[in-house]
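Here the structure is laid out as structure tokens; the discussion comes afterwards.
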Amino acid sequence: MFDIFWMNVAALFAFVNVALVGLLIYAYVDSWRKVRSNFTASLTVFAVFFLVQNIVIIVFWYVLYTTVASDIVTAAAPYLTAVNAAEAFGLGLLTRSTWR
């Protein structure tokens with residue numbers, strides 16, 4: 001039960017990360033349309049990589065958990081939660097400063 005709790009918390013943070021990165025991509029693309037600079041294009045590419053990474057994490061851990069490696073996933077879930085929480089915090093700050 002407790003291990004499933006950590007997986008759910010990690011998944012929640014991963015979905016929050018996807019939403020934050022989606023907001024960043026929207027802001028960066030909008031900025032790129034106005035400015036057409038290499039920097040904003042690079043920020044967009046960087047944000048797309050973060051989006052892909054978070055989607056892969058969600059799918060990868062779900063597939064592992066529902067197939068053969070559920071013991072490994074439940075053992076790693078608290079660490080995945082910590083990483084996803086730290087990433088959500090950083091992306092939250094970045095999103096906040098981008099939209100100001």
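The values are calculated or read from the model by the stated rules, or taken from the named source; none is laboratory data. Just so it is clear, the model here is predicted, and its values are computed rather than measured. Every residue, glycine among them, receives a Cβ derived from its backbone with ideal geometry; neighbour counts consider all protein chains shown.
Just checking, does the stretch 55-67 include any residue being closer than 23 Å to Leu93 by Cα, touching a helix residue (DSSP H, G or I) at 6+ places or on another chain (Cβ under 6 Å) and part of a helix (DSSP H, G or I)? Please lay out each step first, then the result.
Residues of the stretch 55-67 that are closer than 23 Å to Leu93 by Cα, as a first pass: 55-58.
Then drop every residue that is not touching a helix residue (DSSP H, G or I) at 6+ places or on another chain (Cβ under 6 Å), which leaves 57-58.
Going one step further and asking which of them are part of a helix (DSSP H, G or I), we end up with 57-58.
Yes: one or more hits.
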Next on the checklist: Among the residues in the stretch 37-54, are any part of a loop (DSSP other than H, G, I, E, B), over 11 Å from the mean Cα position of the chain (by Cα), at pLDDT below 85 and surrounded by fewer than 14 Cβ atoms within 10 Å (Cβ to Cβ)?
Outcome noted: no
